[in-house]
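Okay, structure first, notes after.
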Amino acid sequence: MLQDAAAVAEEAAALIARYVKTKPDARVLVATGNTPMPTYEALAQLKPDMSDTWAVQLDEYLIPEDDPRRLCAWMARAYVTPLGVTQVLGFDLSLSDTQRMCRLHADKIGTLGGVDLAILGLGPNGHLGFNEPPSGSNAPTRAVTLSQASLASNAAYWSAAPHGARAAPRSAVTVGMDIILRADTILLLVTGRHKRDILARTLSETPNPGLPSSYLQGTNLVVITDQDVTGSTA
Ligand code: F6R
């Protein structure tokens, strides 16, 4: 059992580095949020050659294109730039037609051949990306309204940002469950006591739309957690 978030980061970084070594042009679906940040830092320390990989954006707030709090800006700071990734596939926020924005993003992912490695965090209500409950296994890439549970969890980093506190936005877009669940490998990173119950439910409940993360059970899933999550003291 891994002791803490730092150990989770090291193990996850090693897995990602091995993955891109065997598949140098891997299409990687990249979560932001707090959980994967130490992993991206640990990965940068390993200096893997990521230059032929793709960073595929998982989700995004519908806010002005130049707002530094956009998730694609966070992905650039935390993942793309430090890892020397040159190929980025993001939602085209210049489009005012969000349906078209989502369709184009999904189509481009399809044209690339789908996702190889999905790096995911776990929402407090079992959301994956911004696939909020209820989301079935075929939920497409689409615009969504964030739930209260997600707003509360996002508020921590949203209002902490040095760009003026205001409520986290409610409107967002997300890569669909249909694409996420078809990834070749899914790496689910879960750290902290507050994720204990939701991870237990994710792995034990019969897959159902009320808990989108439960559909991970049918995938090629690697879960990396710390002992705060499992409750183990070993
Ligand atoms: C962010 C994302 C979200 C987060 C989830 C957990 O791109 O896709 O689904 O992974 O909300 O967030 P943290 O890691 O901050 O607990």
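No lab work stands behind these numbers, since they all come straight from the coordinates. Owing to the predicted nature of the structure, the values given are computational and were not obtained by experimental measurement. In this analysis, Cβ positions are derived from the backbone assuming ideal geometry, glycine residues included, and neighbour counts consider all displayed protein chains.
Brief remarks on what is shown
- Cα-centre dipole for the chain with unit charges at Cβ (Lys and Arg positive, Asp and Glu negative), debye to 20: 200 debye
- In the chain the Cα-Cα distances spread across 5 Å bins starting at 0 as 1, 7, 15, 20, 21, 19, 12, 5, 1, 0, 0 percent of all pairs.
- Between ASN208 and SER214, TYR215, the built amide H atoms are under 5 Å apart, and every one of these is 5 or more places off in sequence or on another chain.
- Placing unit charges on each Cβ (+1 for Lys and Arg, -1 for Asp and Glu) gives region 97-157 a dipole about its Cα centre, and among ILE109, ALA139, THR98 the Cα reaching farthest toward its positive end belongs to THR98.
- From its DSSP helices (H runs of at least four residues, each -39,500 (n - 2.57)), the chain gives a residue-normalised ellipticity at 222 nm of -9500 deg cm²/dmol.
- Taking each residue as 0.36 nm, the span from LEU151 to GLN45 lengthens on full extension beyond its C-alpha to C-alpha distance by 34.9 nm.
- Overall size of region 43-136 from C-alpha positions, given as principal axis extents largest first: 38, 30, 29 Å.
- Proxy reagent accessibility, fewest Cβ within 10 Å first, across SER137, SER171: SER171, SER137
- Summing +1 for each Lys or Arg and -1 for each Asp or Glu among the other residues whose beta-carbon sits under 12 angstrom from that of ARG193 gives -2.
- 3J(HN,Hα) from dihedral phi, region 142-150, Karplus parametrisation 6.51/-1.76/1.60, rounded to Hz, x for glycine, proline: 6, 7, 9, 10, 6, 7, 4, 4, 6
- Net charge of the neighbourhood of TRP54, taken over other residues with C-beta under 15 Å away and scored Lys/Arg +1, Asp/Glu -1, is -3.
- Local charge for GLN148 was computed over the other residues whose Cβ lies under 15 Å away, with Lys and Arg +1 and Asp and Glu -1, and equals 0.
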